[in-house]
Amino acid sequence: MAFHVAITMNLINGIERNAISLHDRGWSYGDGVFRTLLLRGGQALCWLRHYSKLRDDCARLGIDCPDAVWFEKDLRHIATQQPDGVIRITVTRGNTPRGYANQQGATPTRVVTASPPPVYPVAYQAQGIRAQLCRTQLALQPALAGIKHLNRLENVLARSEWNDPEIAEGVMCDTAGNVISGTMSNLFVVFGTELMTPDVTRCGVAGVQRARVLELAAAHGIPAKVMAFDIERLLGADEVFLVNSIIGIWQITALGKKVWRPGKLTPQFRPWLDMND
């Protein structure tokens with residue numbers, strides 16, 4: 001079972017401190033975006049990809065994303081004291097007067113936090129994980145679809161549905177009945193030699209590792225497509241796996257009463273995803 005300990009370092013606009021203004025729109029309205037990635041040997045893995053996604057998500061919300069040089073300075077500062085760990089980068093719209101209306105000229109808040117890496121059982125990689133189907137559904141909202149924004153209450157509610165340490169992740173569907181993702185991960189299914197991942201143009205997050213899996217599939221001649229499918233289609237798959245920037249890749253080998261044998265594609269993708277590109 002994974003465990004997490006208290007954050008060991010917080011940088012807010014480049015300064016070590018533990019508080020933001022109560023007028024910050026990230027606090028007030030969840031008006032911001034974030035990324036989570038690994039720091040390994042002082043290097044932020046897949047940094048250019050994460051920054052590109054951060055910048056694109058900011059643009060979708062009309063937030064001025066700080067230049068990469070500021071984040072890189074923060075990461076170097078953290079790496080001198082903690083070269084290995086989990087980094088969370090958050091950008092909010094910044095401080096504004098009360099009210100939903102956006103205030104022109106607001107200065108975005110840049111937050112970089114570091115914490116020790118979680119420890120997961122070795123069996124998760126070697127043998128796969130147990131998952132459960134969550135009751136909490138993801139609402140359809142194309143304006144926010146694909147963005148890793150700060151409003152994650154659906155995921156919080158879904159994750160609160162179990163406390164069984166044998167269950168590592170939950171599978172979430174949208175209100176139309178389509179499979180979308182895990183509570184903290186993107187999802188892929190395999191039918192024969194074909195790879196498939198849910199369409200996230202109406203809800204869900206288009207993660208960096210999801211994009212990498214699709215690129216790697218194309219590079220290695222593995223057919224892959226993005227499309228909508230329901231839970232019955234998922235249960236009929238030959239293989240199901242999850243990805244994110246912290247866990248890497250996990251195969252689901254049990255979902256409710258459904259059991260899968262260890263598949264062939266999951267171990268193929270594992271070393272590819274472990275590369276720092």
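Extending 7 Å from the Cα toward the beta-carbon at both Y29 and D238 defines two label points whose distance is 4.9 nm. So, with a 1.4 angstrom probe, what is the percent of accessible area on the stretch 143-199 that is carbon and sulfur? Its accessible area is 55 percent carbon and sulfur atoms.
Which residues does a label at H220 reach in the stretch 182-211, if reach means a backbone N under 20 Å from a point 7 Å past the Cα toward the Cβ? Those under the cut-off are 186-198, 207-211.
Under the definition of Cα pairs under 8 Å and six or more residues apart, what whole-number percent is the relative contact order of the chain?
Working: 550 pairs, mean separation 52.1, N = 277.
The value is 19 percent.
A full extension of the chain between S21 and I167 corresponds to an added length of 48.8 nm, given 0.36 nm per residue minus the alpha carbon distance. Dividing the helix sum by the residues of the chain, where each DSSP H run of 4 or more adds -39500 (n - 2.57), gives a mean residue ellipticity at 222 nm of -7000 deg cm²/dmol. Across the stretch 163-176, coupling constants 3J(HN,Hα) worked out from phi with the 6.51/-1.76/1.60 Karplus curve, θ = phi - 60°, read 10, 6, x, 7, 9, 8, 7, x, 9, 10, 10, 8, 6, 8 Hz, and Gly and Pro carry x. In loop segments of the stretch 1-88 as defined by DSSP, the chymotrypsin sites (Phe, Trp or Tyr not before Pro) with at most 12 further C-beta atoms inside 10 Å of their C-beta are F3. Axis of helix 208-219 versus longest Cα principal axis of the chain: the two differ by about 50°, to the nearest ten degrees. Under the criterion of Cα pairs below 8 Å and six or more residues apart, the relative contact order for the stretch 67-157 equals 23 percent. As a length-normalised measure over Cα pairs under 8 Å and 6 or more apart, the relative contact order of the stretch 162-277 settles at 24 percent.
In order along the stretch 228-239, the phi-based Karplus estimate (6.51 cos²θ - 1.76 cosθ + 1.60, θ = phi - 60°) of 3J(HN,Hα) comes to 7, 7, 9, 5, 5, 5, 4, 5, x, 6, 7, 7 Hz; Gly and Pro are listed as x.
Angle check, please: helix 47-61 long axis (alpha carbons) against the longest principal axis of the chain (alpha carbons), in degrees 0 to 90, nearest 10. The angle comes out at about 70 degrees. Determine the distance separating the Cα centre of the stretch 97-132 from the Cα centre of the stretch 154-229; give it in Å without decimals. Result: 17 Å between the Cα centres.
The lysines whose alpha-carbon is closer than 28 Å to the alpha-carbon of K53, local same-chain residues fewer than 8 away aside, are K73, K148, K225.
The values are calculated or read from the model by the stated rules, or taken from the named source; none is laboratory data. Given the structure is predicted, the values throughout are model-derived calculations rather than measurements. In this analysis, Cβ positions are derived from the backbone assuming ideal geometry, glycine residues included, and neighbour counts consider all displayed protein chains. Areas reflect the complete protein model, heavy atoms only, side chains present, ligands, DNA and RNA absent. Shrake-Rupley method; radii C 1.70, N 1.55, O 1.52, S 1.80 Å.
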